[in-house]
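Working notes, beginning with the structure itself.
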């Protein structure tokens, strides 16, 4: 099993690089932390980080948290994602993911997002399918 993320997933996932996600290494197994510094091309017309970027970041936090628990060669994909937007996201955003429960094929995960001042921006619940390589 993986003992956390030794390589920044943002370095190996083009979508994470495109958005500018930076994962924090050495998180406890089943947890993740992702940071995003906002920039104009990620903002909506009001100057807030676009809701789609917020959802992507929460989804990424959940995926990174789950993958830290999976055997080498396994993967995961989102089955469902519910996002509650609490406040506009601006400047630096921090998303944390936590596996709530994991079975053989499905996992329940939650993620929260706050800004650099600690203000709650969004909360998400998700279900992910665990993909184990076929023999």
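The values are calculated or read from the model by the stated rules, or taken from the named source; none is laboratory data. Computed from a prediction, not measured in an experiment: that's the story for all the values here. Counting neighbours? That spans all protein chains shown, and the Cβs are built from the backbone with ideal geometry, glycine included.
Going through segment 50-62 one residue at a time, which ones are out of contact with any strand residue (DSSP E or B) (no Cβ under 9 Å at 6 or more places or on another chain) and either surrounded by fewer than 19 Cβ atoms within 10 Å (Cβ to Cβ) or within 12 Å of residue 121 (Cα to Cα) (or both)? Within segment 50-62, 52 is the sole residue that qualifies. Those strands (runs of 3 or more DSSP E) of segment 63-135 in which 2 or more residues are in contact with a helix residue (DSSP H, G or I) (Cβ under 9 Å, 6 or more places away or on another chain), at pLDDT below 95 and buried (at least 17 other Cβ atoms within 10 Å of the Cβ) are absent. For residue 29, the conditions (1) under 15 Å from the mean Cα position of the chain (by Cα); (2) surrounded by fewer than 17 Cβ atoms within 10 Å (Cβ to Cβ); (3) not in a loop (DSSP other than H, G, I, E, B) are fulfilled apart from (3).
Pairs linking a residue in segment 109-134 that is touching a residue at least 24 places away in the same chain (Cβ under 8 Å) and on the phi > 0 side of the Ramachandran plot to a residue that is in a strand (DSSP E or B) and exposed (fewer than 13 other Cβ atoms within 10 Å of the Cβ), with Cβ atoms under 9 Å and 6 or more positions apart or on different chains, do not occur.
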